[in-house]
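A quick write-up on the structure given underneath.
Bear in mind that the values in this text are calculations on the coordinates, not laboratory data. Being a predicted model, the structure only gives us computed values, none of them experimental. Note that each Cβ is placed from the backbone with ideal geometry, even for glycine, and that neighbours are counted across all protein chains shown.
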Amino acid sequence: AQAGPHAASFCPLLNSGCRLVFVAASEWSGGSSSSTGWEQDSDEPAHNGQLLEAVHLVLAVQQRHANIESSELEKVLDSFSNMGFSNAQIMELFSLQPKFAPEMRLMVVCELILLGLDPDSTLMVLQRSPEVLRMTAQQLRHRADCLRKLGLGEGNLQRVLRRYPTIFTLPWKKIDAVVRMFKTCLFPVAQVTEILQSCPNVLLEEPQDLEYKFQYAYFRMGIDHRVMVKSGLFRMSLAELKNRHIFLERLGLYQTPDKKGQTQIVNPKLKEIIRVSQKDFLAKMAHSSLEEFEVFRKLLAREEEEDQARVSEETDSDSDGEEERSEIE
Amino acid sequence: MALQNFDMNYGAQFGSLWPSIRIGLLSEQKYGALVNNFSHVGRISQDLRSLNAVDFVYESQKAALHVPWDSPVEQVRSEETAPEETRNEQLSVEKTQTPPLLSTSISPNIKCYTFSRGNISRFPPSRPDTSGILGYYLLDAASLLPVLVLNVQPGDLVLDLCAAPGGKTLALLQTGCCRQLAANDISASRVSRLRKVLDSYVPKAVGSNVRLTSWDGRNWGELERDTYNRVLVDVPCTTDRHSVMEEDNNIFHRLRMKERQMLPMLQMQLLLAGLLAAQPGGEVVYSTCSLSQLQNECVVERAVELAEIQFNISVHVEDLSYFRSVFQDTFSFFKDCRLGELVLPHLTANFGPMYFCKLRREQ
Ligand SMILES: C[S@@+](CC[C@H](N)C(=O)[O-])C[C@H]1O[C@@H](n2cnc3c(N)ncnc32)[C@H](O)[C@@H]1O
């Protein structure tokens, strides 16, 4: 099935005349649409009249783009089918973000397929982050190019898209700020790339939070850049990092190195602290009980909260009561 | 400084228990609210219960009733549990309804609310009632154990040798048993703090049974020998929890080295003075808020020895394991004390450290 000139202008894939067949796609039978008969035909290569009707119906119900010509819509549906979407998946695609016209929908989907996603992942990405539909093909392509330049090449790019699709819709300024922050913290370019590859979620975090996490690991825990990167420091939340580190510290099992980088005990490796389940952390490293750890988390959270309140309150000194002090003297 | 010292000494003393004690010391401690029987007890207790706190003294004894103890439990069972409400309103000792078995071994009328294991809630500061009296006093709940174990009886003459700032003095008065309470502390400024505490918790009439002094407790053997039924010797110590939290000017500072080295000696002298001040047959409780064996068991052993040798006084050190079993749901006790009992800090029950040992002067 050759796509008409209209559709071709959205979707370069169809220009080439090649027909994408994704083996798994036709077997896909999920989706939330109710059974109306058309999906039974989903293993047929092209749409049929029932699908066209069903999509028309969806558009009518949504009261958007209801006046689209059947021939136009048919071309769009054709293209989706050609890309390997089942009828059920096509229905799903149309149920997302009704305000966008069918052509735009096609264009974005096309671009995602070009970025190497299969129909399943494409649908999943759009379901999780419908705002991707707002992007133009050009924007998507541009963002992909920029991410490639940061080291998120093939393979990584698809992973990022699947796991954190919003990275494609963030303002570039935000991404740039994160990358610059890492450079300011003196991570060499290769390490920045490694961080982005192994923990792409950093792009979604606030640069100052990341910087604080870096400083915490560097100054409080005495960990160098290379180890941070290799151990996947940026995958763990700051709160959990602190919970585990301060827990060990108060147990006497972790020490901040002195100016010469020395400690009186041998600190456990960062990786062994953060890359293990909580259960193993408690059993093998802290030798402590879950009950104690849970109480500790609550106490630490309150300590931090109060430290912060104190800092922002500046000077409001003498507030501790007489009686509270009495016992400790 | 303090912590380094502890890691070395307590690491050796407690072995694999030390990390969990250490983290307890370094994390926020728990308080107890000692109910002031001279205020509106019923209302105060109700307020505290509405915070989800429980009176650990009452609950422990209630639970202990179901623990069979060797002997005469059966005969006294009949008069056991009085409803708590009425219990709360009672001050006078005669009517006391503490569980019978224990009433023979625990100071009566002390009520202290705490939050259960693992609950990190705090008590709001106590507010004065219409007569200006405060409803409860916040303190480390473990510091009531020395007072409870002192087993004050109606009409007793009681000495609190190192009393300031007065948490335990106040608890002693709550028993309603002291015919006379002598509260002493060598530091005049701390005695004036103690006076303020009494002023805000105790009516004048009761306060007049309290004699405040600021003498050197070591001389009590010469001052009032063989006088008291009960003596509390709550000595100055390394205050372990305080010392790890306040890095400045704690007793582990280099400039206070001498003072620290002299502590066990001072403690021993104070305990000895306490033993001399007790009547024959009288009971003495020695307590510290330190984990150090040197300041705890060793001091007791030395004092007992010296009392025998120098003063020909024989002293019996009591076995407190029954007492420990009564309170073990609230506190985390050390199982291996040679003498006395030690409450260990623990995240889920972060009281103590509190060491206490009970001695009886033989007739
Ligand atoms: C652990 S504190 C007592 C706390 C008090 N029992 C309470 O529960 O609030 C020890 C006290 O011993 C006092 N002290 C130190 N040396 C003394 C001495 N030689 N004679 C009497 N008191 C002394 C200190 O001034 C200090 O107030």
Relative contact order computed over chain B (Cα-Cα under 8 Å; 6+ residues apart), in percent:
20 percent
By how many nm would the segment from A:Arg162 to A:Thr256 grow when fully extended, if each residue of separation counts as 0.36 nm and the alpha-carbon distance is taken off?
30.0 nm
CD proxy, 222 nm, the protein assembly as shown: helix-only mean residue ellipticity via -39,500 (n - 2.57) per DSSP H run with n ≥ 4, per residue, nearest 500, stands at -13500 deg cm²/dmol
With labels modelled as points extended 7 Å from the Cα through the Cβ direction, what inter-label distance (nm, one decimal) is found for A:Gln127 paired with B:Arg127?
5.5 nm
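List the GluC sites (Glu not before Pro) in segment A:111-164 that DSSP assigns to loop (not H, G, I, E or B) and whose Cβ has at most 13 other Cβ atoms within 10 Å. Which are they?
Qualifying residues, ordered by number: A:Glu154.
List the DSSP H helices in chain B whose Cα atoms stretch 18 Å or more along the helix axis and whose mean Kyte-Doolittle hydropathy is at least 0.5.
Within chain B the helices that satisfy the rule are B:257-277, B:297-311.
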Just to confirm the filter: which GluC sites (Glu not before Pro) across segment B:191-277 are DSSP coil and have at most 14 other Cβ within 10 angstrom of their Cβ?
B:Glu246, B:Glu247
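Under 13 Å from the Cβ of A:Lys75, count the other residues' Cβ atoms, weight Lys and Arg +1, Asp and Glu -1, and hand me the total.
Spelling it out: positives minus negatives among the neighbours equals -4.
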Expressed in nanometres to one decimal, the distance between label points 7 Å along Cα→Cβ at B:Ala188 and A:Thr136 is 8.8 nm
Mind listing the long-range amide H neighbours of B:Asp160? Cut-off is under 5 Å, sequence gap 5 or more, other chains count too, H placed in the peptide plane at 1.01 Å from N.
B:Ala182, B:Ala183, B:Asn184, B:Leu232
What's the center-to-center distance, using Cα atoms, between segment A:80-130 and segment B:218-234 in Å?
89 Å
Stick to the Cα atoms of the protein assembly as shown, pair each with every other, and give me the Kirkwood hydrodynamic radius in Å at one decimal.
30.9 Å
Surface/4 of the Cα convex hull for chain B, nm²:
17.7 nm²
Could you compute the FRET efficiency for A:His56 and B:Gln328, with r as their C-beta to C-beta distance and R0 at 56 Å, rounded to 0.05?
0.15
Computed on Cα atoms, the radius of gyration and Dmax of segment A:56-117 in angstrom are 11.2, 33
Projected label distance in nm at A:Gln264 and B:Asp336, using a 7 Å step from Cα toward the beta-carbon
2.2 nm
Viscosity 1.306 mPa s, 10 °C: Kirkwood-radius Stokes-Einstein D of segment A:268-315 over Cα pairs, µm²/s:
127 µm²/s
Please work out the Cα center distance from segment B:273-316 to segment A:176-210, rounded to the nearest Å.
65 Å
How much length is gained on full extension from A:Ser70 to A:Ala101, taking 0.36 nm per residue of separation minus their Cα-Cα distance?
9.8 nm
Most fluctuating residue given options B:Ser214, B:Ser16, B:Ser45, as computed from a GNM of chain B linking Cα atoms under 10 Å:
B:Ser16
Residues meeting the amide H criterion for B:Gly32 (H placed from the backbone, H to H distance under 5 Å, 5 or more places apart or on another chain) are B:Leu139, B:Asp140, B:Ala141
